[in-house]
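To start, the structure itself, in structure tokens.
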Amino acid sequence: MNRKYELVYVVSPDATDDQVAELHTQVEGIVQRMGGRIEKTENWGRRRLAYEIGRHKEGTYVLEVIQGGGELMKEIDRRLKVFDLVVRHLVVRVDEEQRVVERTRTHRSEASRRRRVARGLPPDRQPGEGQRSEPDDDRDERFESAEDLR
């Protein structure tokens, strides 16, 4: 079963850009061998860690969004534990959260439609219906400065 995961790993600040790229290539190779797919890779760059890990106060953060199975993620987890350059890593399954958000959005829209029909309105909002737009003048007289009052 294919699921969506986010993998974030922190690479030692001593690592060069070539070593970070090589690490990404190795992760990509594992994903391809095990039938997964990398949807997105973001190198967030060098950042300060929230707390000191070992002797490291900084690290290079990399995010990868991976489509694959549980066995794939177990293998990546196992491999990242072995690499000396990786200070920390975290794998999070995100497809379940997206499904919950979509289900909540659907329930809210259905409830809104039911309330509108019960009030005798069409189920969907019509153009021009809803909150009024703000006036074109951005100034609010309540907050005029003392210079404006002179």
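Can you tell me which of (1) among the β-branched types (Val, Ile, Thr); (2) free of Cβ contacts under 8 Å to residues at least 40 places away in the same chain; (3) in a helix (DSSP H, G or I) is the one Val27 doesn't meet?
Val27 satisfies all of (1) among the β-branched types (Val, Ile, Thr); (2) free of Cβ contacts under 8 Å to residues at least 40 places away in the same chain; (3) in a helix (DSSP H, G or I) except (2).
Residue-by-condition table, conditions (1) surrounded by 12 or more Cβ atoms within 10 Å (Cβ to Cβ); (2) of a type outside the set (A, V, I, L, M):
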residue	(1), (2)
Val65	yes, no
Gly69	yes, yes
Val91	yes, no
Arg99	no, yes
Val117	no, no
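List the helices (runs of 4 or more DSSP H) that sit entirely inside the stretch 32-150 and contain at least 2 residues that are within 26 Å of Asp18 (Cβ to Cβ), at pLDDT 90 or above and over 21 Å from the mean Cα position of the chain (by Cα).
Details: elements: 70-82, 95-118, 146-149.
Qualifying helices (runs of 4 or more DSSP H): 70-82.
Within the stretch 1-31, take every residue that is among the β-branched types (Val, Ile, Thr) and either surrounded by 17 or more Cβ atoms within 10 Å (Cβ to Cβ) or over 21 Å from the mean Cα position of the chain (by Cα) (or both) and give me the one that is nearest to Gly68 (Cα to Cα). Step through it out loud before you land on a result.
Taking the stretch 1-31 first, the residues among the β-branched types (Val, Ile, Thr) are 8, 10-11, 16, 20, 25, 27, 30-31.
Keeping just the survivors that are either surrounded by 17 or more Cβ atoms within 10 Å (Cβ to Cβ) or over 21 Å from the mean Cα position of the chain (by Cα) (or both) gives 10-11, 16, 20, 25, 27, 30-31.
Values: Val10: 21, Val11: 23, Thr16: 29, Val20: 22, Thr25: 17, Val27: 13, Ile30: 11, Val31: 8 Å.
By that ranking, first place goes to Val31.
Which residues, taken from the stretch 1-24, are outside any strand (DSSP E or B), of a type in the set (Ser, Thr, Tyr) and touching a His at 6+ places or on another chain (Cβ under 8 Å)? Reasoning before the result, please.
Looking only at the stretch 1-24, we keep the residues that are outside any strand (DSSP E or B), and these are 1-2, 12-24.
From what is left, the residues that are of a type in the set (Ser, Thr, Tyr) are 12, 16.
Scanning the stretch 1-24 gives a single hit, Ser12.
The values are calculated or read from the model by the stated rules, or taken from the named source; none is laboratory data. Values in this document were obtained by computation on a predicted structure and should not be read as measured data. With ideal geometry, Cβ positions are generated from the backbone for all residues, glycine too; neighbour counts draw on all protein chains shown.
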